[in-house]
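Have a look at the structure below, then the notes.
The values are calculated or read from the model by the stated rules, or taken from the named source; none is laboratory data. This is a predicted model, so every value here is computed, not measured. Neighbour counts run over all protein chains shown; Cβ positions are idealised from the backbone, glycine included. Calculation scope for accessible area: heavy atoms of the full protein, side chains included, ligands and nucleic acids excluded. Shrake-Rupley method; radii C 1.70, N 1.55, O 1.52, S 1.80 Å.
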Amino acid sequence: MVIPQAGQLFDAADLAHDIFMRLLVREQSTVIHQPRALLTTIAQGIVSNFYRRRKIETAYLETLAHLPQAQAPDPEIRVILLETLIEIDRRLDMLAPLVRRTFLLSQVDGMRQTDIAAELNLSLATVQRYIVKAVHQCYFGE
């Protein structure tokens, strides 16, 4: 028998809370004909988001661990930065894969637009359009 640890119990409680909150704030006030199927679908999305968030948080904390103590942000700033990273990730995830890849090659890898166009076999105008679209998505979430 596997005994859950305290952190896992809190995670499970948080996930259950998120599932029921999502049900409560649903804009559709329709009758639910298959509640189990609806709960399963909602739970899968929330658990997926949970693991995605955990992955981002782990990478962020590992990066902070490599910073000199004098450069490490205070706890309040850490939380704000982590929430911002998670929101940017969520917004970028809404983009088509090629648009997202173009943007990340530009912003994270520092590639020039002409090099991105050559690597992805796109026109320079398309690369520029994709980057503008991704920047707009990051800023406005639209």
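Before moving on, here are some points about what is shown:
- Failed criterion for residue 130 (all others in (1) closer than 21 Å to residue 51 by Cα; (2) in contact (Cβ under 8 Å) with a residue 24 or more places away in the chain; (3) of a type outside the set (S, T, N, Q); (4) not in a loop (DSSP other than H, G, I, E, B) hold): (1)
- Of all residues in region 13-42, those satisfying the criterion of being open to solvent by 60 Å² or more (accessible area, probe 1.4 Å), touching a helix residue (DSSP H, G or I) at 6+ places or on another chain (Cβ under 9 Å) and closer than 23 Å to residue 84 by Cβ are 14, 18, 22.
Here is a yes/no grid of residues against (1) open to solvent by 60 Å² or more (accessible area, probe 1.4 Å); (2) out of contact with any His (no Cβ under 7 Å at 6 or more places or on another chain); (3) of a type in the set (Gly, Ala, Ser):
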position	(1), (2), (3)
44	yes, yes, no
59	no, yes, yes
65	yes, yes, yes
71	yes, yes, no
74	yes, yes, no
81	yes, yes, no
88	yes, yes, no
92	no, yes, no
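- Cβ pairs under 6 Å, 6+ apart, first in region 99-120 and surrounded by 14 or more Cβ atoms within 10 Å (Cβ to Cβ), second of a type in the set (Phe, Trp, Tyr): 99/130; 102/130
- Residue in region 65-83 that is within 25 Å of residue 24 (Cα to Cα) and under 10 Å from the mean Cα position of the chain (by Cα) present: yes
- Subset of region 121-134 (residues that are among the β-branched types (Val, Ile, Thr) and open to solvent by less than 50 Å² (accessible area, probe 1.4 Å)): 126, 127, 131
- Look at region 69-90: where a residue is closer than 24 Å to residue 45 by Cα and touching a residue at least 24 places away in the same chain (Cβ under 8 Å) and a partner is open to solvent by less than 80 Å² (accessible area, probe 1.4 Å) and of a type in the set (A, V, I, L, M), sitting 6+ places away or on another chain with Cβ atoms under 6 Å, you get 85/56; 86/56; 89/56.
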